[in-house]
Amino acid sequence: MTRKPAPLRRGDVIGVVSPAAAVDEASLHAGLQVLEAAGFRVRLGAATLKKAGYLAGTDRERLADLDAMFRDPEVKAIIAARGGYGSGRLLPLLDPAVPRTHPKIFVGHSDLTFLLNDFVQRAELLAFHGPMIASLAQRPDAAATLFALLSGDRAGWHQAAPSVVQPGMAEGVLVGGSLSVIVSMLGTPWALQTRGRLLFLEDVNEKPYRIDRMLTQLRQAGGLDGVAGVIFGEMPGCTAGEDERVTVRDVINEAFASAPYPVAFGLPSGHGAGTLALPLGARTRLAGERLTLLESPLAE
């Protein structure tokens, strides 16, 4: 049974960690000011601003921050500072019993797809695919929508993608995130379980032929076998070169031309506008372009 975190309340402590790449200090502090202006208190992980090459500290330091935030009874939510690269290196070191025993809100996207889906699969904890600290100041609408959802507001339970690739209706547990990360997890002990689930896929700055290659690999590895439905994000920057005429939408249309399940395109979560936070691990319904939560993502 999936564990759900408690709702977020004004005055609660939000823990900020950098499980992946090093974060720019100015962007971090701008995001922290957004949290504080919204009425939350902030607790920084010890390695949040550390640098070990392109990483925010060593694997052990980043893991220790994550572990400490889950164990700290005062911390009610954990939001990643940024993505980049590095959180997948923590998977062999992560004890799923810690988030399972101390369920709380965890938010991130991009490279954090590694951790989000590991929490859903091994820790059986619902996690949120949503905006991260370094971008909050540039995305006030995303910040407001995130705080509303995490506080229990049901206004965000009904979301819509701009267009339909394949019509239809399906229900299932929502999983997914960055397509490139999901593909990199194939063949590992942490590969994403997609059968019977609604699969959300998004990415940024990947040329259409690379999206084609990743979708082909996902299909050939069985990652699309038995899915209930697929929802794509906005796919910003996924454009072809000047001498190419294939668009990312062309690639997706061809890849799912004979799909026996609904497929939608353009849900703004993650990269791009990124205004929506998606509760991975929650039961949802995809009907045409409309995505609806069928259960609360928070403990009631």
> Given Cα pairs under 8 Å that are at least 6 residues apart, what percent is the relative contact order of the chain?
Replying inline: 21
> GNM, the chain, Cα, under 10 Å: largest mean-square fluctuation among Ser258, Ser27, Ser178?
Replying inline: Ser258
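Let me have the relative contact order for the stretch 1-127, percent, based on Cα pairs under 8 Å that are six or more residues apart.
On the way: 248 pairs, mean separation 41.4, N = 127.
Across the stretch 1-127, relative contact order equals 33 percent.
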> Using modelled backbone amide H atoms (1.01 Å from N, in-plane), which distant-in-sequence or interchain residues come within less than 5 Å of Ala160's amide H?
Replying inline: Leu291
>> At most 15 other C-beta atoms within 10 Å and a DSSP loop state: those are the exposed chymotrypsin sites (Phe, Trp or Tyr not before Pro) I care about. Give me the longest piece of the chain that has none.
In response: 86-300
> What Rg and what Dmax come out for the stretch 83-184 when only alpha-carbon atoms are used, in angstroms?
Replying inline: 15.0, 42
> Sequence-distant or interchain residues sharing an amide H contact under 5 Å with Phe106, placed H: which?
Replying inline: Ile78, Phe128
> Size of the stretch 156-293 along its principal axes in angstrom, Cα-based, largest extent first?
Replying inline: 42, 33, 27
>> If you restrict to DSSP beta bridges whose two residues both lie in the chain, what percentage is antiparallel, to the nearest 5?
In response: 45
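Give a quick list of trypsin sites (Lys or Arg not before Pro) in the stretch 1-67 that DSSP marks as loop, anything other than H, G, I, E or B, with at most 16 other Cβ atoms within 10 Å. If you can, show how the numbers build up before the last one.
On the way: sites: Arg3, Arg9, Arg10, Arg41, Arg43, Lys50, Lys51, Arg60, Arg62; in loops: Arg9, Arg10, Lys50, Lys51.
Those satisfying the criteria are Arg9, Arg10, Lys51.
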> Pick from Gly168, Gly281, Gly45: which is most flexible by mean-square fluctuation in a GNM of the chain where alpha carbon atoms under 10 Å apart are linked?
Replying inline: Gly168
>> For the stretch 13-152, compute the orientation-averaged projected area of the C-alpha convex hull (one quarter of its surface), in nm².
In response: 7.2
> Which whole-percent values make up P(r) of the chain when all C-alpha to C-alpha distances are grouped in 10 Å steps starting at zero?
Replying inline: 7, 30, 37, 21, 5, 0
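Taken together, the values in this text are just the output of simple stated rules run on the coordinates, not laboratory data. Every value quoted in this text rests on a predicted model; they were computed, and no experiment measured them. Please note: Cβ atoms are built from the backbone with ideal geometry, for glycine as well, and neighbour counts cover all protein chains shown.
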